[in-house]
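Quick note: the coordinates plus some simple rules give every number you see, no bench work behind them. In this text, all values refer to a predicted model and were calculated from it rather than measured experimentally. Every residue, glycine among them, receives a Cβ derived from its backbone with ideal geometry; neighbour counts consider all protein chains shown.
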Amino acid sequence: MADDLKSKIQDDVKSAMRARDRERLNALRLICAAIKQKEVDDRIDLDDKAVIAVLEKMIKQRRDSIEQYEKAGRDELAAREAFEVEVIQGYMPAAMDDAEVEALIDAAVKSTGASSMKDMGKVMGALKAKMQGRADMGAVGAQVKARLGG
């Protein structure tokens, strides 16, 4: 099970090659390269949780790029990045809805005894493990900040 997600991605690379889907193949190869780079840098074999962390980082980078390309009027590059985000998100766990996010924030605030902004790190630490790959942690951070009176 350690490389479930990695082997699914590898299988999809082969399928894209057979289908001659060049655009999807390029996006999948970028994913494989990022995973391999992380494994080589850290000298480890990534499990699903670590692969999801790599994918989250890739999505964040691409969203930043899309914003920059749109500001510069480079719509064709923004469209390519958007396509890559779409492909990457296909490997992410199902996203949480707002009610689930709120419930987890409430539970984390209670369990950590957080009462002010000084406790934000504790709350975010508790939430990250439960929400990784299933919620936008930037948005969650903003919610926690508002909740703690930041």
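The table below lists the values:
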quantity: For the range 51-133, alpha-carbon Rg relative to the globular expectation (2.2 N^0.38 Å, N residues); calculated: 1.40
quantity: Lysines with Cα under 25 Å of Lys14, excluding same-chain neighbours fewer than 8 positions away; calculated: Lys6, Lys36, Lys38, Lys49, Lys57
quantity: The range 4-89 - charge dipole about Cα centre, Lys and Arg +1 at Cβ, Asp and Glu -1, debye rounded to 20; calculated: 260
quantity: Spatial separation of Cα centroids for the range 29-58 and the range 91-108, in angstrom; calculated: 24
quantity: Debye intensity ratio in log₁₀ form over the Cα atoms of the range 98-147, taken at each q of 0.14, 0.15, 0.21, 0.28 Å⁻¹; calculated: -0.27, -0.31, -0.62, -1.16
quantity: Net length gained if the chain between Ala82 and Gln132 were fully extended (0.36 nm per residue, minus Cα distance); calculated: 15.9 nm
quantity: Compactness of the range 4-89 - radius of gyration and Dmax, Cα, Å; calculated: 13.7, 40
quantity: Two-site label geometry, Lys118 and Ala95: point separation in nm, points 7 Å out along Cα→Cβ; calculated: 3.6
quantity: Answer label for Cα extents along the principal axes in Å (calculated), chosen among (1) 55, 34, 23; (2) 54, 39, 26; (3) 55, 43, 30; calculated: (3)
quantity: Label-point separation, Ala53 to Gln10 (7 Å along Cα→Cβ), nm; calculated: 2.2
quantity: Lys, Arg +1 and Asp, Glu -1 on Cβ, resulting dipole of the chain about Cα centre, debye, nearest 20; calculated: 320
